[in-house]
Amino acid sequence: MYKIAIVGASTLLGKEVKDALAESSLAAADFSLLDGEEGLGKLDQLGDEITFVQPISSDAFEQMDFTFFCGNEALTQKYWREALRAGSTVLDLSGALESEAGVLVRSPWIASQEVMADLFTPAVEPANPAALALALLMERVQQAAPVRQAAATVLLPASEFGRAAMDELHQQTVNLLSFQTLPKATFDAQSAYNLLSGFGENAKASIGQLDARIRRQYNAIAGRRLPALTIQTISAPVFHGHSFSIFVELERPVDLAAMEEALSGEHVDLVLEETDSPSNLAATGQNDVLVRLRLEPGARNSNESTRLWLWAASDNLRLQAQNAVECALDLRRLRPQGTVQ
């Protein structure tokens, strides 16, 4: 039986990781739910068992096989080396360790990745869910034809910036409808009913930092095998779920049926009906990236073209949690097995 710690267990992402683990082959593991002071004492449930979120003690990581860091960057920076010294495999979902030497950005779902974790890898960072969704789609498109150029606009939900951002978006919406002053502690701007490419100068959240992370992590998992992708990020006034508008120009014409066949498959749900457009609401709770395809009509044949548009949506927290669990399953090969006599 494996022993698994979830640090930041009371966060939105921590709860999603717990649920993803409960649905995986690691469901029988012995779990420890840990958090900083703000999350202590909260009731939680693991299977049929009710438990409390515990403080992070000096021996919290002893005999842990895997430690998932799901809280803020400061919490990860404070404790990840302790987990590593205790012999635990570290999976960082906070983004705090991306610049640490030897830490790999990973997703087992992307077949084109060139670097694998080994015994000298200090930690693994499961790829940002927006970078992962884009890599999945570009990998599929490239199966149909070589890509000449591609660009994507990513619409970010409030949950990408944590619970405080969701609470502020909610309160801004309520206050606007009642003509009251808007709270701006997190965004330092009006986020409700608004699209933004940047927040105020005193904002606690940063679109620019997240934009840079998505670019870096797309490049990390795409390597030299997936197409280069120009990315722009916009904050949308929604609570949950990524949305993507993606333009692709191919080296040669491809017909609609061939592109639909290339896009279809594991982790991608191709939506064919006009009335079932992918949306952040439709993607909530889904393990797949929902995608709709539109070809720009070619000069000679309206059913084939070198230019196409993808409209896609995914559950950002769900996708990140699922990818983190897949990373842990992939890393099991590095854990000691049996007893050395």
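The values are calculated or read from the model by the stated rules, or taken from the named source; none is laboratory data. Every value quoted in this text rests on a predicted model; they were computed, and no experiment measured them. Because the Cβ atoms are built from the backbone with ideal geometry, glycine has one as well, and the counts that use them run over all protein chains shown.
Structural remarks
- Condition met for residue 284 (touching a His at 6+ places or on another chain (Cβ under 9 Å) and not aliphatic (A, V, I, L, M)): yes
- Region 9-19 - residue that is surrounded by 23 or more Cβ atoms within 10 Å (Cβ to Cβ) and among the hydrophobic types (A, V, I, L, M, F, W, C) and, of those, nearest to residue 240 (Cα to Cα): 13
- Residue within region 225-233 that is among the basic types (Lys, Arg), over 15 Å from residue 134 (Cα atoms) and more than 17 Å from the chain's Cα centre (by Cα) present: no
- Only residues that are in a helix (DSSP H, G or I), of a type outside the set (Gly, Ala, Ser) and surrounded by fewer than 19 Cβ atoms within 10 Å (Cβ to Cβ) were counted across region 278-300, and they come to 1.
- The one condition in (1) touching a His at 6+ places or on another chain (Cβ under 6 Å); (2) surrounded by fewer than 19 Cβ atoms within 10 Å (Cβ to Cβ) that residue 109 fails to fulfil: (2)
- Across region 88-98, a minimum of one residue is classified as touching a residue at least 60 places away in the same chain (Cβ under 8 Å) and more than 15 Å from the chain's Cα centre (by Cα).
For (1) in contact (Cβ under 8 Å) with a residue 24 or more places away in the chain; (2) among the acidic types (Asp, Glu); (3) in a loop (DSSP other than H, G, I, E, B); (4) closer than 22 Å to residue 126 by Cα, each residue gets a yes or a no:
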site: 180; (1), (2), (3), (4): no, no, yes, no
site: 205; (1), (2), (3), (4): yes, no, yes, yes
site: 247; (1), (2), (3), (4): yes, no, no, no
site: 250; (1), (2), (3), (4): yes, no, no, no
site: 276; (1), (2), (3), (4): no, yes, yes, no
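- Which numbered condition residue 259 fails, given (1) surrounded by 14 or more Cβ atoms within 10 Å (Cβ to Cβ); (2) more than 19 Å from the chain's Cα centre (by Cα); (3) not in a helix (DSSP H, G or I): (3)
- Answer residue from region 165-193, given it is of a type in the set (A, V, I, L, M, F, W, C) and touching a helix residue (DSSP H, G or I) at 6+ places or on another chain (Cβ under 9 Å) and is nearest to residue 283 (Cα to Cα) among those: 166
- If you go through region 62-87 and keep only what is more than 22 Å from the chain's Cα centre (by Cα) and acidic (Asp, Glu), you end up with 62, 65, 82.
- Residue count for region 38-89 satisfying the condition of being part of a helix (DSSP H, G or I) and at pLDDT 70 or above: 13.
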